[in-house]
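Notes follow the structure.
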Amino acid sequence: MEGMKWTNVQENWSAFYEAILDRWPDADEADLDEIEGDQRGFVTYIAELTGQEPHEARDEIRTWLAEELPSDLLLDAGIAEEEVDDEDFGDDEEEER
């Protein structure tokens, strides 16, 4: 995946809390609840949290979204890189004897 799109984050906001807290340990879940996935609000929050300028926080968030996010997060958020057909694994049919 070439990086997560913000719409995926916004639509599945609470699923990203753990990843956000891993990246920014000083973040607070109550504050994240108030942000409700608003990108501008999140950039402002991270800028204030880290003492950065908003453009620096935005760049840091972009980098975070471009990194490899945990696969369990992607599954929790219902985001898959590609659909995999169970038939591809070849275990649907029992062997004939």
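Can you tell me which residue in region 45-54 is least open to solvent (accessible area, probe 1.4 Å), limited to those that are farther than 19 Å from A66 by Cβ and not hydrophobic (A, V, I, L, M, F, W, C)? Ranking the qualifying residues of region 45-54, first place goes to Y45.
For region 1-44: of the residues being free of Cβ contacts under 8 Å to residues at least 40 places away in the same chain and either in contact with a Cys (Cβ under 8 Å, 6 or more places away or on another chain) or small (G, A, S) (or both), which is surrounded by the fewest Cβ atoms within 10 Å (Cβ to Cβ)? Looking at residues that are free of Cβ contacts under 8 Å to residues at least 40 places away in the same chain and either in contact with a Cys (Cβ under 8 Å, 6 or more places away or on another chain) or small (G, A, S) (or both), I get A30. Restricting region 1-30 to residues that are among the acidic types (D, E) and more than 11 Å from the chain's Cα centre (by Cα) leaves a set whose member that is nearest to R62 (Cα to Cα) is E2.
Collect the residues in region 55-66 that are touching a residue at least 40 places away in the same chain (Cβ under 8 Å) and open to solvent by 20 Å² or more (accessible area, probe 1.4 Å), keeping them in residue-number order. Talk me through it step by step, then tell me what you get.
If we filter region 55-66 for residues that are touching a residue at least 40 places away in the same chain (Cβ under 8 Å), which is where we start, we get 62, 64-66.
Of everything in region 55-66, those that are touching a residue at least 40 places away in the same chain (Cβ under 8 Å) and open to solvent by 20 Å² or more (accessible area, probe 1.4 Å) turn out to be R62, A66.
Tally up the residues in region 30-79 that are of a type in the set (S, T, N, Q), at pLDDT 95 or above and within 19 Å of N8 (Cβ to Cβ), please. Spell out how you get there, then give the answer.
Taking region 30-79 first, the residues of a type in the set (S, T, N, Q) are 39, 44, 50, 52, 63, 71.
Imposing the further condition that a residue be at pLDDT 95 or above reduces the set to 39, 44, 50, 52.
Add one more test, that the residue is within 19 Å of N8 (Cβ to Cβ), and what stays is 39.
Result for region 30-79: 1.
The values are calculated or read from the model by the stated rules, or taken from the named source; none is laboratory data. Note that this is a predicted model, so its numbers are computed, not measured. Cβ coordinates were reconstructed from backbone atoms using ideal geometry, including for glycine residues, and neighbour counts include every protein chain displayed. Protein only, heavy atoms only, side chains kept; ligands, DNA and RNA dropped before computing areas. Shrake-Rupley method; radii C 1.70, N 1.55, O 1.52, S 1.80 Å.
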